[in-house]
Amino acid sequence: MQQREPSASESYFWPSVWAIGLHVLVFGMLFVSFAMTPELPPSKPIVQATLYQLKSKSQATTQTNQKIAGEAKKTASRQTEVEQLEQKKVEQEAVKAAEQKKADAAQKAEEAAKAAEAKKAEEAAKANEAKKAAEAKKADDSKKADEAKKAAEKQQADIAKKKAEEEAKKKAEEEAKKQAAEEAKKKAAEDAKKQAAEDAKKKAAEDAKKKAAAEEAKKKAAEEAKKKAAADAQKKKAQEAARKSAEEKKAQALAELLSDNTERQQALADEQGDQVAGDFDDLIRMRAAEGWARPPSARKGMTVVLQINMLPDGTVTGVKVLKSSGDGPFDSSAVAAVKNIGRLTEMQGLKPNEFNPYRSFKMTFTPEDLAL
């Protein structure tokens with residue numbers, strides 16, 4: 001680092017201070033010398049001696065003045081010498097200080113240069129180290145990249161090798177399967193041929209057996225049909241007879257109602273109402289049985305009581321369970337069976353007093369009732 005050269009005012013500052021101080025010191029010494037001058041003896045009042053005394057006083061004064069002048073000259077000489085010495089000393093010290101300052105500046109400049117060179121060398125060393133580190137890192141990265149590339153190539157090679165082995169294995173398996181399939185096909189053809197022959201023999205035997213069984217079944221079916229036709233005819237005849245008997249009973253009851261007295265007519269009407277109610281109960285059970293789907297849990301002996309609501313035209317408007325059978329699926333099937341009736345057109349001809357019991361009534365159902 002370069003030192004700044006001192007200005008002229010800075011170079012003469014301290015010498016000026018020393019000179020002023022020296023002058024102050026000289027004037028102080030003069031003042032002290034005047035203060036230390038010895039006092040003269042007092043003059044005597046003798047007239048004859050007045051001139052002498054005056055002359056004597058003049059000599060004293062002269063001597064004093066001479067002494068003072070000599071002292072002043074000596075003092076001035078000494079002061080000049082001192083000033084010269086001090087000036088020389090100041091100049092020497094100033095020169096010495098300037099040289100020291102210059103030496104210090106040169107030393108500082110040298111030290112600064114050395115520091116700069118050291119810093120430059122250090123920075124160069126750091127840059128060199130950084131460059132070496134970068135080159136090392138680059139080499140390491142290149143090495144890692146090469147290793148990664150080799151690893152990837154090896155992996156690809158392994159995958160390709162494995163794939164080739166799998167394809168070869170798969171091809172071998174397919175060839176083996178194909179060969180096995182051909183052999184199996186050949187064997188199956190042979191077995192099929194043998195089996196066909198055996199099946200043909202068995203089929204011929206079974207056909208003969210089936211033909212005999214068919215003839216036997218046909219004969220049996222004819223007999224069953226004949227029996228069923230006879231039974232249906234007998235059942236139809238019985239139903240017709242029952243219908244005629246019921247109509248006769250109703251006609252007879254109506255005739256009795258028209259011919260007997262009031263009490264008899266009321267009794268017959270009640271009896272006829274009970275008969276009609278029984279007929280409609282049976283009709284409702286029969287219609288419910290037609291749409292009943294028997295649940296697997298339905299068992300003999302189960303009983304469910306239903307509350308049924310109807311309109312005068314026979315439309316079923318509501319069905320709910322009043323007393324459960326203990327089996328939910330059976331209860332639900334009974335409710336669904338009654339709802340499936342939809343509308344009983346037979347009830348449209350009932351009188352209001354005959355329909356009133358069916359406006360809202362209870363009915364008990366069992367699996368036997370619904371399985372008519």
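Would you mind stating whether residue 106 is of a type in the set (Gly, Ala, Ser), closer than 30 Å to residue 14 by Cα and more than 49 Å from the chain's Cα centre (by Cα)? Yes; evaluated as a whole, the condition is true for this residue. In the set (1) farther than 15 Å from residue 281 by Cβ; (2) part of a loop (DSSP other than H, G, I, E, B); (3) in contact with a helix residue (DSSP H, G or I) (Cβ under 8 Å, 6 or more places away or on another chain), residue 341 fails one condition alone, (1). Considering only residues in region 344-372 that are assigned to a strand (DSSP E or B) and more than 24 Å from residue 296 (Cβ to Cβ), the one that is most open to solvent (accessible area, probe 1.4 Å) turns out to be 362.
The values are calculated or read from the model by the stated rules, or taken from the named source; none is laboratory data. The shown structure was predicted, so the numbers you read here are calculated from the model rather than taken from an experiment. For neighbour counting, all protein chains shown are included, and Cβ atoms are generated from backbone atoms with ideal geometry for every residue, glycine included. The accessibility values were calculated without ligands, DNA or RNA, using every heavy atom of the protein model including side chains. Shrake-Rupley method; radii C 1.70, N 1.55, O 1.52, S 1.80 Å.
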